[in-house]
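Worksheet: one structure, shown below.
The values are calculated or read from the model by the stated rules, or taken from the named source; none is laboratory data. Because the structure is predicted, anything quoted here is derived from the model rather than measured. Here the Cβ is made from the backbone with ideal geometry for all residues, glycine too, and neighbour counts use every protein chain on show. Accessible surface is based on the protein model in full, side chains and every heavy atom, while ligands, DNA and RNA are left aside. Shrake-Rupley method; radii C 1.70, N 1.55, O 1.52, S 1.80 Å.
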Amino acid sequence: MGALDGKRVLLVIGGGIAAYKSLDLIRRLRERGASVRCVLTKGAQEFVTPLAAAALAGQRAHTDLFDRADEADIGHIKLARDADAVVVAPATANTLARMAGGHAPDLASTVLLATTLPILIAPAMNVRMWLHPATQRNLALLRGDGVAVVGPNVGRMAEAETGPGRMAEPDEIADAVEAVLAGSQEAGPPSLAGRHLLVTSGPTHEPIDPVRYLANRSSGKQGHAIAAAAAAAGARVTLVSGPVTLPDPPGVTVLRIETAREMLAAVEAALPADIAVFAAAVADWRPESLGDQKIKKGPDGPPPLRLTENPDILATIARRSDGRPPLVVGFAAETTDVIAHARAKIARKGCDLIVANDVSAETGVMGGDRNSVHLIGRDGTLETWPTMGKDEVARRLVARLAELGPSP
Ligand code: C5P
């Protein structure tokens with residue numbers, strides 16, 4: 001039994017290089033039990049052929065608004081109706097603009113204007129086109145219309161540039177289709193307007209001497225994605241980040257630190273906040289001071305490395321008597337008994353919500369792009385989310401924070 005058994009997806013393929021991934025998306029959706037009917041824009045046909053889409057979908061693909069055979073056979077209104085959800089992948093800047101403006105010059109845009117079904121878009125475009133105010137304005141309009149959005153991801157693009165704009169991976173899009181069809185929060189526009197969100201992200205580096213340090217494998221991807229999603233949902237966001245190689249999320253104030261003690265100081269300086277999300281992988285211990293100079297190799301063998309406890313930033317903030325953010329969220333990265341440990345942690349740290357994830361080596365979560373999380377409340381309630389992209393986890397979490405957090 002697939003999670004999409006019996007569901008009918010109308011897949012609108014837009015004209016971008018990511019269209020090749022949409023062929024794979026057809027397969028992934030069908031593997032999950034969905035039937036897929038494709039509409040290709042003219043641009044899409046420069047990258048993939050209707051024949052390839054039809055072969056993978058197992059039914060003919062549609063391309064023309066005024067196709068006499070088509071109109072007699074199915075017609076654009078029927079196309080817009082005979083499905084359970086419409087997915088636009090890749091959704092180019094031009095497609096977004098047409099959708100936001102209600103323009104309908106071709107079959108794809110006509111279907112999108114005529115449909116009353118849930119719509120999920122997977123944007124894919126050049127970084128600068130994505131960041132352009134016009135695109136962001138169109139996106140805000142579409143979210144306001146109830147259109148669900150998956151991605152884009154941050155990474156290397158076809159033009160050898162790096163940044164947000166890569167289409168979400170086929171499995172992430174298929175996960176989002178499931179979420180949309182399950183009527184999740186994602187379909188609505190979560191709003192954090194007027195609220196200040198504080199996020200910690202990345203590892204900390206704890207110096208051994210001026211050139212060496214202790215660190216961990218955290219990439220900061222999840223924390224940065226949360227900061228980006230919160231900013232996209234209208235929050236004022238302060239991101240306190242350890243050393244990472246990620247670009248700053250757009251519209252976010254980033255405070256860069258190296259050590260746990262610096263992170264605590266930056267967090268305290270950034271208060272007050274309405275919501276604090278502690279996603280950083282803070283080093284629990286730091287080396288006791290071994291002096292200001294580089295330790296030399298000598299005849300006495302390796303120096304003793306004595307560790308001392310770092311401040312627990314989450315517990316310190318969650319237990320403040322004054323100025324505690326009304327909603328404090330912690331993360332629990334565990335390799336065994338994930339849920340049991342997370343439940344114990346929520347009590348020990350005094351936070352309101354724990355996002356628990358399994359980071360054992362075989363999951364590939366540490367440094368990877370996907371995450372499997374459980375959400376655990378103070379009263380012990382548990383939600384388990386399907387495995388999805390870190391960006392998608394971030395958007396869902398932000399939607400929950402918008403519900404749970406204080407009113408502006
Ligand atoms: O105790 P543990 O490291 O498993 O707890 C994880 C949670 O606590 C995360 O939310 C992390 O950001 C936070 N934490 C912290 N300061 C520390 C250690 C962990 O804020 N020194």
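Shown here are the Rg and Dmax of the Cα trace of the stretch 68-145, at 13.3, 42 Å.
Comparing Ile173, Ile13, Ile77 in a Gaussian network model of the chain where C-alpha atoms under 10 Å apart are linked, the largest mean-square fluctuation is found at Ile77.
Ranked highest first by the average count of other Cβ atoms within 10 Å around their residues, in what order do 368-375, 390-397 fall? Provide the component values of the computation, followed by the final result.
Numbers: 368-375: 19.6, 390-397: 25.8.
The most tightly packed comes first, giving 390-397, 368-375.
Count the net charge of all other residues whose Cβ sits under 11 Å from the Cβ of Gly58, scoring Lys and Arg as +1 and Asp and Glu as -1.
Details: positive: Arg27, Arg30, Arg37, Arg60; negative: none.
The answer is +4.
Which sequence of Thr387, Thr41 reflects their accessible areas, 1.4 Å probe, from the largest down?
Values: Thr387 60, Thr41 20 Å².
Final ranking, largest accessible area leading: Thr387, Thr41.
Centre-to-centre, using Cα atoms only, the stretch 300-349 and the stretch 92-153 are separated by 41 Å.
Averaged per residue, the chain has 45 square angstrom of accessible surface, using a 1.4 angstrom probe with ligands and nucleic acids left out.
Dividing the convex hull volume of the alpha-carbon atoms in the stretch 27-174 by its residue count gives 109 Å³ per residue.
Which of Lys21/Lys78; Lys221/Lys345; Lys297/Lys345; Lys221/Lys296 have a Cα-Cα distance over 31 Å? List each step's numbers first, then the result.
Details: Lys21/Lys78 26 Å; Lys221/Lys345 22 Å; Lys297/Lys345 41 Å; Lys221/Lys296 36 Å.
The answer is Lys297/Lys345; Lys221/Lys296.
If you sort Arg8, Arg81, Arg217 by accessible surface, 1.4 Å probe, largest first, the order is Arg217, Arg81, Arg8.
Between Ile17 and Arg306, how high is the FRET efficiency from 1/(1 + (r/R0)^6) when r is the Cβ-Cβ distance and R₀ = 56 Å? Nearest 0.05. Could you put the intermediate results ahead of the total?
Working: r = 54 Å, r/R0 = 0.96.
Using R0 = 56 Å, I get an efficiency of 0.55.
Taking R0 as 41 Å, what FRET efficiency do you get between Asp322 and Ala215 from their Cβ-Cβ distance, rounded to the nearest 0.05? After rounding, the FRET efficiency stands at 0.80. Please compute one quarter of the surface area of the Cα convex hull for the chain and express it in square nanometres. Its Cα hull, projected and averaged over all orientations, spans 22.6 nm².
What does the charge dipole of the stretch 196-404 about its Cα centre add up to, to the nearest 20 debye, if the Cβ of each Lys and Arg holds +1 and the Cβ of each Asp and Glu holds -1?
With Lys and Arg at +1 and Asp and Glu at -1, about 120 debye.
Of the residues Glu334, Glu262, ranked by 1.4 Å probe accessible area with the largest first, the sequence reads Glu262, Glu334.
The distance between label points at Asp292 and Ser191 comes to 5.4 nm (points 7 Å beyond Cα on the Cα→Cβ vector).
Round to the nearest 0.05 the FRET efficiency obtained for Leu113 and Arg261 when R0 = 60 Å and r is the Cβ-Cβ distance.
Working: r = 56 Å, r/R0 = 0.93.
My answer for the efficiency is 0.60.
Span-like helices, the chain: DSSP H, alpha-carbon axial extent 27 Å or more, mean Kyte-Doolittle -0.5 or greater, which ones? All intermediate terms of the calculation are to be shown ahead of the outcome.
On the way: long enough: none.
Span-like helices here: none at all.
What is the percent carbon and sulfur in the accessible area of the chain, measuring with a 1.4 Å probe over the protein chains and ignoring ligands?
Numbers: 9690 of 18480 Å².
Here it works out to 52 percent.
Over the C-alpha trace of the stretch 196-404, radius of gyration and Dmax come out as 17.4, 62 angstrom. With the whole protein complex present, Leu246 retains an accessible surface near 50 Å², based on a 1.4 Å probe.
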